[in-house]
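Beneath this line is the structure, given in structure tokens, with notes to follow.
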Amino acid sequence: MTESTPTAGAPKSRTVYVLLAVFLGAYGVHNFFAGDKKAGLIKLLVTFLTCFIGAIPMWIWAIIDAINVKKDANGVDFN
């Protein structure tokens, strides 16, 4: 029997991540793209449950993510 190690998948584009964060960050789309479902769901729910008032702080959080995040949820560097 051969054992295979789990692969993290192909690296994702940092450019796409940043663009998603800037334009759709309040909805957490960039987090879903990077595989971080928990943070994406939090941003999405806060935005909708506050009738879009919470979209402003969620968008600011997304811009901070775009600046600071260098790896996806699996620990693979963006290319």
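Could you list, in sequence order, all residues of region 66-79 that are assigned to a loop (DSSP other than H, G, I, E, B) and aliphatic (A, V, I, L, M)?
Selection gives V69, A73, V76.
Kindly list, by first and then second residue, each pair from a residue in region 19-42 that is closer than 17 Å to G54 by Cβ to a residue that is among the basic types (K, R), limited to pairs with Cβ atoms under 6 Å and residues at least 6 apart or on different chains.
Note: pairs meeting the criteria are G28/K43.
Does region 45-79 hold any residues that are in contact with a strand residue (DSSP E or B) (Cβ under 6 Å, 6 or more places away or on another chain) and of a type in the set (A, V, I, L, M), and which are they?
none
Just checking, which of D77, D65 is touching a residue at least 40 places away in the same chain (Cβ under 8 Å) and touching a His at 6+ places or on another chain (Cβ under 9 Å)?
D65
Matching residues to (1) farther than 17 Å from A66 by Cα; (2) of a type in the set (K, R); (3) under 9 Å from the mean Cα position of the chain (by Cα):
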position: T15; (1), (2), (3): no, no, no
position: V22; (1), (2), (3): no, no, no
position: N31; (1), (2), (3): no, no, yes
position: A34; (1), (2), (3): no, no, yes
position: K38; (1), (2), (3): no, yes, no
position: L44; (1), (2), (3): no, no, no
position: F48; (1), (2), (3): yes, no, no
position: F52; (1), (2), (3): yes, no, no
position: A55; (1), (2), (3): no, no, no
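Coordinate-derived values only; no laboratory data. Everything quoted here is computed from the prediction, not taken from an experiment. Because the Cβ atoms are built from the backbone with ideal geometry, glycine has one as well, and the counts that use them run over all protein chains shown.
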